[in-house]
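Asker: One structure, pasted below without further comment.
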Amino acid sequence: MKLILSRPELYRVKHGQTLTDIAACFRVPLPLLCRSNNLSAEPEEGEILRLPPAGGDLYRVQGGESRTLLCGSRENFAARNGTLALYPGQWVFL
């Protein structure tokens, strides 16, 4: 028997939640969550957000790693994570 976990496609923001909270809860890189919802500011309570599908394994970046090392190319990194930014401690999809 294989257990398959799924997550919702949409999520309603609760009182006091931030984008960082929501991204961490659903294990989605923050820039990807923002890009998927065209957000440049915190969402309001009750706002519906689209949760992007998982784009790979979630990984915490270590110092000295590159986009190419993590995803094969800069383009793949940007497509999976919604940004070209890369810094130690950042959560990204591989």
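The values are calculated or read from the model by the stated rules, or taken from the named source; none is laboratory data. Model, not experiment: these values are computed from the prediction. Neighbour counts run over all protein chains shown; Cβ positions are idealised from the backbone, glycine included.
Asker: Is there a residue being touching a Ser or Thr at 6+ places or on another chain (Cβ under 7 Å) and touching a residue at least 24 places away in the same chain (Cβ under 8 Å) anywhere in the stretch 6-29?
Answerer: Checking the stretch 6-29: not a single residue is touching a Ser or Thr at 6+ places or on another chain (Cβ under 7 Å) and touching a residue at least 24 places away in the same chain (Cβ under 8 Å).
Asker: Also, quick follow-up: Which one of these is closer than 13 Å to residue 91 by Cα and surrounded by 13 or more Cβ atoms within 10 Å (Cβ to Cβ): 52, 29?
Answerer: Just one listed residue meets the conditions, 29.
Asker: Here are the criteria: (1) in contact with a Cys (Cβ under 8 Å, 6 or more places away or on another chain); (2) on the phi > 0 side of the Ramachandran plot. Tell me which single one residue 16 does not satisfy.
Answerer: Only one criterion is unmet by residue 16, namely (1).
Asker: Please find, within the stretch 7-26, the residue that is surrounded by the fewest Cβ atoms within 10 Å (Cβ to Cβ) out of those that are aliphatic (A, V, I, L, M) and closer than 19 Å to residue 38 by Cβ.
Answerer: In this case the residue turns out to be 10.
Asker: If you don't mind, another one. Could you please give the count of residues in the stretch 32-49 that are surrounded by 13 or more Cβ atoms within 10 Å (Cβ to Cβ), of a type in the set (A, V, I, L, M, F, W, C) and over 11 Å from the mean Cα position of the chain (by Cα)?
Answerer: Of the residues in that region, 2 qualify.
Asker: While we're on this one: For the stretch 50-94: of the residues being part of a strand (DSSP E or B) and under 23 Å from residue 10 (Cβ atoms), which is modelled with the highest pLDDT?
Answerer: 50
Asker: Among the residues of the stretch 59-89 satisfying the criterion of being within 11 Å of residue 29 (Cβ to Cβ) and of a type in the set (S, T, N, Q), which is surrounded by the fewest Cβ atoms within 10 Å (Cβ to Cβ)?
Answerer: Here the answer is 83.
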